1. If you average the sequence gap of Cα pairs under 8 Å that are 6 or more apart and divide by the length of the chain, what percent do you get for the contact order?
2. Of the listed peptides 8-19, 118-129, what is their order by residue-averaged count of other C-beta atoms within 10 Å, with the highest listed first?
3. So what are the ³J(HN,Hα) numbers for the stretch 120-132, from phi and the Karplus equation (6.51, -1.76, 1.60; θ = phi - 60°), rounded to whole Hz, Gly and Pro as x?
4. Along the charge dipole of the chain, which of Y178, N98, L240 sits closest to the positive end, that is, farthest toward it, with unit charges on the beta carbon of Lys, Arg, Asp and Glu (+1, +1, -1, -1)?
5. What are the extents of the Cα atoms of the stretch 18-166 along their three principal axes, listed from largest to smallest and rounded to whole Å?
6. Computed on alpha carbon atoms, what radius of gyration and Dmax characterise the chain, expressed in Å?
7. Between G102, G116, G196, find the one with the highest GNM mean-square fluctuation for the chain; connect C-alpha pairs within less than 10 Å.
8. Quick one: length gained pulling A80 to E60 fully straight, 0.36 nm per residue minus the C-alpha distance?
Amino acid sequence: MKIENIIKENYLGDNLNKLSQTYRSNKPFPHIFLNSFFQDDFILNISKTFPDLKNNHSYEKKDINEKKFGLRDVYKFPDAIKEFVFFLNSEIFLKYLNEITGIEETLIPDPYLYGGGLHQIYKGGYLKIHSDFYMHPKMKLDRRLNLLIYLNDKWQEEYGGALELWNQNMTNCEKKLYPHLNNICIFSTDDRSFHGHPDPLDCPENVTRNSIALYYYSVGRPDPDKVYKDKNTTNWKNRLNSDEVSNNYSFKDLLRRFKILRNLKKIIKK
């Protein structure tokens, strides 16, 4: 696949420098929303091949924090989506992500699609506000980027399902992106990249919120002391004046927040 056959011209070439500036300056954390990103016929075909994950999924989440279906076995993907994911994990696209985000470390894809892959949410489903795990459990690499691709033709905004980006103090939703076909979001992942779509979908029974989620990693990161203070898991966050999520934190997890104890652990390991 040639990148110009997949991505629209206005997101390539000389426009990349401006996009990179936007990415790094966006609040509440580095991110960028890009509308109509891929070539129209290409992404429409991808959306039409999206499977029904209720009957063909590798995992189902159904608890106070999230309610959705997911499939991360790439060899169970329809062929068109499988080839698309291979492109999104290719060297040429990884270099594109380096350019648009300004990340200096070499980006590495996840062949396991841990936590990612295909996501599908039915009426009443949700994903509460959270920050993500910061280290790959198998490869022990630092998680740096999320790429979310929305595949919902004729989505109505009254259905809800917008991706929300919240500020560090969890007092305000600063950005919303509705999951219209060919909308994408790229954002940096750390301990303050709070995101989700916390309110249950209010869509017809025969409509689902479909997306592809890919995560990218590096060997090391520039802000480890800040990020590693939390447990290496999804960290759920309550919205203002609410008690809607649950975290399974231990006393050991709370001690992790003290830098002197984290450093002591490193010394003991040596």
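1. Once normalised by length, the contact order is 23 percent.
2. Order by mean packing, descending: 118-129, 8-19.
3. Once θ is set to phi - 60°, the couplings for the stretch 120-132 become 9, 10, 9, 3, x, x, 6, 9, 5, 5, 7, 10, 9 Hz.
4. Comparing the listed Cα positions along the dipole, L240 ranks first.
5. Principal extents (largest minus smallest coordinate, Cα): 41, 36, 33 Å.
6. Considering the chain through its Cα atoms, Rg and Dmax are 18.5, 57 Å.
7. G102
8. Residue separation times 0.36 nm, minus the Cα-Cα distance, leaves 4.9 nm.
Values quoted throughout were computed directly from the atomic coordinates according to the rules given, and no laboratory measurement underlies them. All values derive from a computational prediction rather than experimental measurement. Backbone-built Cβ (ideal geometry, glycine too); neighbour counts: all protein chains shown.
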